[in-house]
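The next block holds one structure in the form of structure tokens; read it before the comments.
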Amino acid sequence: MHVRAIAILGATGSIGTTTLNVVRAHPSRLRVAGLAAHSRWRELVGPAKEFGVGVIALADPAAAAEARASGAFPAGTRIIEGFAGLTEVACLPEISMVVSAVVGTAGLAPTLAALKAKKDVALANKELLVLAGKFVTEAARLSGARLLPVDSEHNAIHQLLRDKPKGDIDRLVLTASGGAFRDTPIADLKHVTLAQALKHPNWSMGPKVTIDSATMANKGLEVIEARWLFDIPADRIDVVVHPQSIIHSLVTLTDGSLQALLSPPSMAYPIQDCLLFPERLPCPAPRLDLAQSLTLSMTPPDPARYPCLGLARSAATTGGTAPAIFNAANEVAVAEFVASKLPFTGIAELVGRALAAVSAREPGVLGRRPRRRCRSEGGHVQARPGTSPLR
Ligand code: NDP
Ligand code: MG
């Protein structure tokens, strides 16, 4: 029986630990060969022992030195450091898949390196597609590596689109829980606290993505993510608020009918779908109990409650570096909110100001200075035909 060896970037995080749970449930199918994180090395000692992991990478060199000196890891465990260490783990010869689940942009270089080395990538880190969708999808296309979405909405769409000709697809519909403040009076949003923003009604996730859910910047990033993953313009990608988080997304077909994918709100489902792709086995998470009554509702998002969604759409329409500007401004704004330097409503204001102040440009070759300015209308960056990783 084939055992798939994987590396996990962001192994100490919410996605990383759920990935380890899925591996634990399928020892005959999955094996962990490499783990990477930023600095929380103590969290990796247990998984390193349990899964017999040979290589650990820590982005923070001081943490790597501490981990080496601790003697806590089994003898023979290699502990490497920095961006180079992350990239080495992502390209280990014995692995065929990388779970890319670092928060923020530090995962870009290792993920690109993995794709170029023909490793399939289970991609949780949506920021990478927002920043560098053109380069990430191109790397996958050129090497033939698969880009499998972990993000629950995109994973649902990936499942729905499998084996459907592109001509059958009219629109994509991303569902959004509405986040922590979906029922808070809009006038009160100015005064909400960090502790309230971190209380997601349905999902248990890392802090950044939880705050992004409350502002719906997350859904904005996901529109851009979907545009790259499925090679479809952002104006054919809709968003609906679905508070139950059971319908993970929908696809509208050319004839007007819709197909949806349902599962309980646990990231174990989409993560397992990627890790075992294309095989299906029982998932180590609760199932939907249809003996209990179930209400599923959908409403359109209110632009006054979620201004970040409109800002992300306009960044997607402008194209070029505009989505990267949106993402960078949002990261700064969230950090300011976390540090109590900005009210919750200040996040969208800061992002809006950054988009207005910085002109977008067409990205050229990664790492070189961009040359052309981006057209603000019709400047939508289209992937070349056939660049969709969904084949
Ligand atoms: P967490 O905050 O829970 O975990 C972040 C992980 O990234 C940790 O392992 C952390 O290591 C590591 N990390 C942070 N900075 C660096 C760095 N510079 N170099 C190397 N590793 C680093 O995040 P989540 O698991 O919630 O999210 C991960 C990604 O998945 C994000 O892009 C998010 O948008 C996406 N996502 C998450 C979902 C979820 O349910 N959580 C759902 C859909 C997408 P350390 O612990 O050492 O700091
Ligand atoms: Mg999502």
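The values are calculated or read from the model by the stated rules, or taken from the named source; none is laboratory data. Keep in mind that this is a model prediction, so the values were computed, not measured. Please note: Cβ atoms are built from the backbone with ideal geometry, for glycine as well, and neighbour counts cover all protein chains shown. Side chains included, ligands, DNA and RNA excluded: accessible areas come from the protein's heavy atoms. Shrake-Rupley method; radii C 1.70, N 1.55, O 1.52, S 1.80 Å.
Quick check, is Val89 modelled with pLDDT of 95 or more and within 15 Å of the chain's Cα centre (by Cα)?
It is false that Val89 is modelled with pLDDT of 95 or more and within 15 Å of the chain's Cα centre (by Cα).
Within the set of pairs 6+ apart or on separate chains, which have a first residue in the range 72-93 that is over 13 Å from Leu9 (Cα atoms), a second that is at pLDDT below 95, and C-beta atoms under 9 Å apart?
Every condition considered, no pair remains.
Taking the range 36-64 as the region of interest, how many residues are in a helix (DSSP H, G or I) and open to solvent by 60 Å² or more (accessible area, probe 1.4 Å)?
6
Taking the condition of a type outside the set (A, V, I, L, M, F, W, C) and in contact with an Asp or Glu (Cβ under 6 Å, 6 or more places away or on another chain), does Asn125 pass?
no
Is it the case that some residue within the range 66-73 is over 24 Å from Glu279 (Cα atoms) and in contact with a Gly (Cβ under 9 Å, 6 or more places away or on another chain)?
no
What number of residues in the range 180-210 are crowded, with 17+ Cβ neighbours inside 10 Å and either among the acidic types (Asp, Glu) or in contact with a strand residue (DSSP E or B) (Cβ under 8 Å, 6 or more places away or on another chain) (or both)?
Of the residues in the range 180-210, 1 are crowded, with 17+ Cβ neighbours inside 10 Å and either among the acidic types (Asp, Glu) or in contact with a strand residue (DSSP E or B) (Cβ under 8 Å, 6 or more places away or on another chain) (or both).
Go through the range 1-43 and give me each residue that's polar (S, T, N, Q) and out of contact with any His (no Cβ under 9 Å at 6 or more places or on another chain).
Ser14, Thr17, Thr18, Thr19, Asn21, Ser28, Ser39
Looking at the range 1-29, which of the residues that are of a type outside the set (S, T, N, Q) and out of contact with any strand residue (DSSP E or B) (no Cβ under 8 Å at 6 or more places or on another chain) is most open to solvent (accessible area, probe 1.4 Å)?
It comes out as Met1.
Before we move on, is Ser213 part of a loop (DSSP other than H, G, I, E, B) and touching a residue at least 24 places away in the same chain (Cβ under 8 Å)?
no
Working only within the range 180-210, note down all residues that are of a type in the set (Ser, Thr, Tyr) and within 11 Å of ligand 1 (Cβ to nearest atom).
Correct list: Ser204, Thr210.
Being out of contact with any Asp or Glu (no Cβ under 7 Å at 6 or more places or on another chain) and within 16 Å of ligand 1 (Cβ to nearest atom) is the filter here; which residues of the range 222-246 pass it?
Listed by number, the residues that qualify are Val223, Ile224, Ala226, Trp228, Leu229, Val239, His242, Ser245, Ile246.
Can you name the strands (runs of 3 or more DSSP E) wholly within the range 92-208 that have at least 3 residues being under 20 Å from the mean Cα position of the chain (by Cα) and under 24 Å from Arg4 (Cα atoms)?
Hits in the range 92-208: 97-100, 120-123, 147-149.
Taking into account only those residues within the range 105-132 that are within 16 Å of ligand 2 (Cβ to nearest atom) and not basic (Lys, Arg), which is nearest to Ala316 (Cα to Cα)?
Val130
Pick out the one residue from Ser213, Ser177, Ser152 that is within 23 Å of Leu250 (Cβ to Cβ), touching a strand residue (DSSP E or B) at 6+ places or on another chain (Cβ under 7 Å) and within 16 Å of ligand 1 (Cβ to nearest atom).
The conditions single out Ser152.
Exactly one of (1) free of Cβ contacts under 8 Å to residues at least 24 places away in the same chain; (2) closer than 21 Å to Leu123 by Cβ is unmet by Leu20. Its number?
So Leu20 meets the others, but not (1).
Condition first: surrounded by fewer than 18 Cβ atoms within 10 Å (Cβ to Cβ), under 24 Å from the mean Cα position of the chain (by Cα) and modelled with pLDDT of 95 or more. Can you find one or more residues in the range 365-384 that meet it?
Looking through the range 365-384, none of the residues is surrounded by fewer than 18 Cβ atoms within 10 Å (Cβ to Cβ), under 24 Å from the mean Cα position of the chain (by Cα) and modelled with pLDDT of 95 or more.
Scan the range 92-112 for residues that are over 18 Å from Val53 (Cα atoms) and either among the acidic types (Asp, Glu) or away from ligand 1 (no atom under 14 Å from the Cβ) (or both) and jot them down.
Leu112
Could you please let me know if Arg68 is more than 16 Å from ligand 2 (Cβ to nearest atom), farther than 30 Å from Pro282 by Cα and surrounded by 15 or more Cβ atoms within 10 Å (Cβ to Cβ)?
Answer is yes for this residue.
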